[in-house]
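S.K.: I have a structure I would like to understand better, so I am pasting it below and will then ask my questions one at a time.
The values are calculated or read from the model by the stated rules, or taken from the named source; none is laboratory data. Keep in mind the model is a prediction, meaning the values are calculated, not measured. A quick note on method: Cβ atoms are made from the backbone with ideal geometry, for glycine too, and the neighbour counts reach across all protein chains shown. What goes into the accessible areas is simple: the full protein's heavy atoms, side chains included, and nothing from ligands, DNA or RNA. Shrake-Rupley method; radii C 1.70, N 1.55, O 1.52, S 1.80 Å.
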Amino acid sequence: MNIPNILTSLRILLIPCLVIVYYLPYKWSFFAAASIFALAAVTDWFDGYLARKLDQSTAFGAFLDPVADKLMVAVALIMLVETYADIYVTLPAAIIVGREIVISALREWMAELGKRASVAVSMIGKIKTALQMLSIFVLLLAEPHTELAYVGLGALYGAAFLTLWSMWIYLQASWDDLVRDI
């Protein structure tokens with residue numbers, strides 16, 4: 001275990017804390033849940049930075065980091081879908097979670113073909129992740145149906161658009177391999 005892997009593991013351990021705090025029957029629970037999510041999001045950036053800076057990249061970290069990200073985002077989106085209970089949150093949440101499943105399967109399949117680099121993380125994917133984290137943070141923080149919540153919802157739609165765009169880029173990069181056996 002090294003520092004980046006410890007931070008990634010911490011992010012996974014923060015997920016049940018996020019859920020418990022979010023559902024506490026106190027006014028401050030949204031703020032506290034948003035703070036936990038923000039801490040987890042910062043560890044996402046920081047573990048990658050430290051892995052590169054300290055030359056501590058590991059196969060375990062390469063596996064666990066995207067798993068931690070996807071778990072954190074999926075759990076937060078599920079909570080927000082339940083809280084808002086309308087199509088305006090459910091639709092972009094379904095797009096984001098669905099894309100993550102498709103791209104994870106695509107990466108696994110391309111890795112089996114020895115072509116994992118063709119579906120490596122792109123700059124659009126990094127921007128998508130940043131906007132996704134920001135939108136979820138704002139939506140966790142805001143009372144539903146307030147001006148702040150609508151700002152978060154706008155950011156969530158921006159993240160959903162970038163999600164589809166980045167998925168298109170990944171599918172284009174692997175298209176020849178995808179249709180080869182049809």
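S.K.: Through the Karplus equation 6.51 cos²θ - 1.76 cosθ + 1.60, θ set to phi - 60°, convert the phi angles of segment 24-39 into ³J(HN,Hα) values in whole Hz; use x for Gly and Pro.
M.R.: 5, x, 10, 4, 7, 5, 5, 4, 5, 5, 4, 5, 5, 4, 4, 4
S.K.: Based solely on its DSSP helices, what 222 nm [θ] is calculated for the chain when runs of n ≥ 4 H residues each add -39,500 (n - 2.57) and the sum is averaged over all residues, nearest 500 deg cm²/dmol? The partial results should precede the final answer.
M.R.: Details: 6 runs with 149 residues, N = 182.
Helix contribution divided over all residues of the chain: -29000 deg cm²/dmol.
S.K.: Just the number please: accessible area per residue for segment 73-182, 1.4 Å probe, all protein chains included, in Å².
M.R.: Details: 5870 Å² over 110 residues.
I get 53 Å² per residue for this part.
S.K.: Okay, moving on. Using the alpha carbons of segment 36-114, what is the convex hull volume per residue in cubic angstrom, as a whole number?
M.R.: On the way: hull volume 7.5 nm³, N = 79.
In segment 36-114, the Cα convex hull volume per residue is 95 Å³.
S.K.: Sticking with this one: Relative to the longest principal axis of the C-alpha atoms of the chain, give the angle of the C-alpha long axis of helix 147-179, reported between 0 and 90° and rounded to the nearest 10°.
M.R.: 10 degrees
S.K.: Stretch residue 178-residue 143 to full length: gain in nm at 0.36 nm per residue minus the Cα-Cα span?
M.R.: Gain in length upon complete extension: 8.2 nm.
S.K.: Relative to the longest principal axis of the C-alpha atoms of the chain, give the angle of the C-alpha long axis of helix 87-112, reported between 0 and 90° and rounded to the nearest 10°.
M.R.: 30 degrees
S.K.: Which angle between 0 and 90 degrees, to the nearest 10, do you get for helix 3-22 versus the longest principal axis of the chain when only C-alpha atoms count?
M.R.: Tilt relative to the chain: about 40 degrees.
S.K.: Where the accessible area of the chain is counted over protein heavy atoms with a 1.4 Å probe, how much of it, in %, is carbon and sulfur?
M.R.: 73 percent
S.K.: Shifting gears a bit: State to the nearest 20 debye the size of the charge dipole of the chain about its Cα centre, where the only charges are +1 on K and R beta carbons and -1 on D and E beta carbons.
M.R.: With only Lys, Arg, Asp and Glu charged at Cβ, the dipole is about 280 debye.
S.K.: Only one of the listed values, (i) 32, 19, 15; (ii) 29, 21, 13; (iii) 45, 14, 12, was derived from the coordinates as semi-axes √(5λ) of the Cα gyration tensor in Å; which label is it?
M.R.: Answer label, from the structure shown: (ii).
S.K.: Could you give the length gained by full extension between residue 24 and residue 63, i.e. 0.36 nm per residue of separation minus their alpha carbon distance, to one decimal place?
M.R.: Here the segment from residue 24 to residue 63 would lengthen by 10.8 nm.
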